[in-house]
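J.: Below is one structure. I have some questions about it.
What follows is calculated from the coordinates using simple rules that are stated; it is not laboratory data. In this text the structure is predicted, and so the values were computed from the model without any measurement. Cβ atoms come from the backbone with ideal geometry, glycine included; neighbour counts cover every protein chain shown.
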Amino acid sequence: MSDLDLAVIGNCQIAGLLDRRARLVWTCLPRFDGDPTFCSLLSGDRDPDAGYYDVELSSFVRSEQRYLPNTAIVETILHDSSGGAVKIIDFAPRFQQHRRLFRPMMLVRLVVPLAGRPHVRIRLRPLGEYGSVHPTLTHGSNHIRYVLPHITLGLTTDASITALLVERAFVLDHPVALVLGPDETLLDALPSAARLFFAETQTYWETWVRGLSIPFEWQDAVIRAAITLKLCTFEDTGAVIAGITSSIPEAPRSGRNWDYRYCWLRDAYFVVHAMNRLGTTATMEQYLRYIINVVTEAGEQDLQPVYGIGGEARLPESEARFSAAFH
């Protein structure tokens, strides 16, 4: 298993985990309990041939990473041995649009040169069927399609399509944007759309944080915890998941693991209670809607400890070995 020192991005529809070099090592699509399209978190110490999405900097020596203040946006700066530097900004769009929340199945990555002549290689390697199937690729002048068994992803970018397809390194002499999401055409031109998504998402989270009832002490920690808990809510149904990962072992060599991408009713209550104490009651209202639907569906039966994020009562177990891609 890889290092668990990870940053989280998300928008209450999907979420992703980034390592210290901004490598996307875990994301399930099209929702929290979907197929782990990026799953190299489970690759151990091996360097797998797929399951991640990164920006590799030649002659890399160190990195810095932070959340932009009061947001779910992650900024990573990579430095090379010649004094070159690259800034990578990662987020999932979330903001008000047409009087409703826009939270698509989408990840946006902005790559900006900061110093020198950084030499980078962009590698986007999604997988399907729990790490066992590689995608079929097609492309146009400004996009690449990744066709998987249960989903087709589209990457729209102003970077060189040829460089991305063959994973050729290039000198980053101007900012580039990469929008990964549904296989749909962006309504606006890419650079302006990416900048708009960034600005609106930043404004959304800053506004949300300003509405919290934050205690005097430990404010930064409380804000970060509140954002993280918010990212574990599936807004479409009101479910609250225990975590965004699956298949993390209980203990080294235990042979037993749990999938946390479900709604444990007791655990979800504690999350809702904590959010209520911070004054964000919308989470409670959405969770009550989820519970009402679960209770109605159960009828005279006792409630289960855990349900699917769509309210599913039947949760069949299975084992995914992730073997095809990682060996």
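J.: Mind ranking 19-31, 81-93 by how tightly packed they are, going by the mean number of other C-beta atoms within 10 angstrom, highest first?
T.: Final packing ranking: 19-31, 81-93.
J.: On to the next question. Taking only DSSP H segments of four or more residues, each worth -39500 (n - 2.57), what value at 222 nm results for the chain once the sum is divided by all its residues, to the nearest 500 deg cm²/dmol?
T.: The per-residue figure over the chain is -7000 deg cm²/dmol.
J.: Please list, ordered by chain and number, the residues whose modelled amide H lies under 5 Å from the amide H of TRP26; skip anything fewer than 5 residues away on the same chain.
T.: LEU17
J.: Something else about it: Counting other Cβ atoms within 10 Å, which trypsin sites (Lys or Arg not before Pro) in the range 108-194 have at most 12 and lie in a DSSP loop?
T.: Answer by residue number: ARG168.
J.: Return the distance in nm (one decimal) between the two label points of a simple spin-label model at GLN96 and ALA199, each offset 7 Å from Cα along Cα→Cβ.
T.: The modelled label-to-label distance comes out at 1.7 nm.
J.: Using Cα-Cα distances under 8 Å and only pairs 6 or more residues apart, what relative contact order does the range 1-122 have, in percent?
T.: Relative CO of the range 1-122 lands at 23 percent.
J.: Quick one: P(r) of the range 96-222 from all Cα-Cα pairs, 5 Å bins, percents rounded to integers, in order of increasing distance.
T.: Pair shares across the bins are 2, 9, 16, 17, 16, 14, 12, 8, 5, 2, 0.
J.: Note down the Stokes-Einstein diffusion coefficient of the range 1-88 in µm²/s, whole number, using a Kirkwood radius over alpha carbon pairs, 20 °C, and 1.002 mPa s.
T.: My calculation gives 156 µm²/s for D.
J.: Also: Please give me the summed charge of the neighbours of ILE14: other residues whose Cβ is under 10 Å from its Cβ, Lys and Arg +1, Asp and Glu -1.
T.: Numbers: positive: ARG31, ARG103; negative: none.
Around ILE14, the surrounding residues sum to +2.
J.: On each of the three principal axes of the Cα atoms of the range 194-309, give max minus min coordinate, whole Å, ordered largest first.
T.: Computed over the Cα atoms, the extents are 44, 41, 36 Å.
J.: Also, I was wondering about something else. Considering the values [x] 18.0; [y] 15.0; [z] 18.8, which represents mean projected area of the Cα convex hull in nm² as calculated for the structure under consideration?
T.: Step by step, mean projected area of the Cα convex hull in nm² for this structure corresponds to label [x].
J.: Let me ask you something else. Please compute the contact order of the chain in relative form: average sequence separation of alpha-carbon pairs under 8 Å and at least six residues apart, divided by the residue count, as a percent.
T.: Relative CO of the chain lands at 16 percent.
J.: Sticking with this one: Give a quick list of chymotrypsin sites (Phe, Trp or Tyr not before Pro) in the range 195-225 that DSSP marks as loop, anything other than H, G, I, E or B, with at most 12 other Cβ atoms within 10 Å.
T.: Counting only loop positions with at most 12 other Cβ atoms within 10 Å, the chymotrypsin sites (Phe, Trp or Tyr not before Pro) in the range 195-225 are PHE216, TRP218.
J.: Let me ask something else about it. Going by average Cβ density within 10 Å per residue, which order do the peptides 148-159, 228-239 take, highest to lowest?
T.: Working: 148-159: 18.3, 228-239: 21.3.
Highest-to-lowest ranking by the protection proxy: 228-239, 148-159.
J.: Now for a separate question. What number in nm² do you get for the range 73-136 if you take the convex hull of its Cα atoms and divide its surface by four? Mind showing how you got there, number by number?
T.: Details: hull surface 28.1 nm².
Projected over every direction and averaged, the Cα hull of the range 73-136 covers 7.0 nm².
J.: Okay, moving on. What are the ³J(HN,Hα) couplings of the range 127-137, residue after residue, when phi is run through the Karplus curve with 6.51, -1.76, 1.60 and θ = phi - 60°? Round to Hz, x for glycine and proline.
T.: So the Karplus estimates, Gly and Pro as x, are 9, x, 6, 6, x, 9, 10, 8, x, 8, 10 Hz.
J.: Amide H of PHE102 versus every other amide H placed in the peptide plane: which residues, excluding those fewer than 5 positions away on the same chain, fall under 5 Å?
T.: Sorted by chain and number, the residues that satisfy this are PHE95, GLN96, GLN97.
J.: Tilt of helix 265-277 relative to the longest C-alpha principal axis of the chain, in degrees (0 to 90, nearest 10)?
T.: That helix lies at roughly 80 degrees to the long axis.
J.: Between 0 and 90 degrees, rounded to the nearest ten: what's the tilt of helix 219-231 against the longest Cα principal axis of the chain?
T.: That works out to roughly 80 degrees.
J.: So, one more: From the backbone phi of the range 80-92, what are the Karplus-calculated ³J(HN,Hα) couplings (6.51 cos²θ - 1.76 cosθ + 1.60, θ = phi - 60°) in whole Hz, Gly and Pro given as x?
T.: 10, 6, 9, x, x, 8, 10, 9, 10, 10, 10, 6, 10
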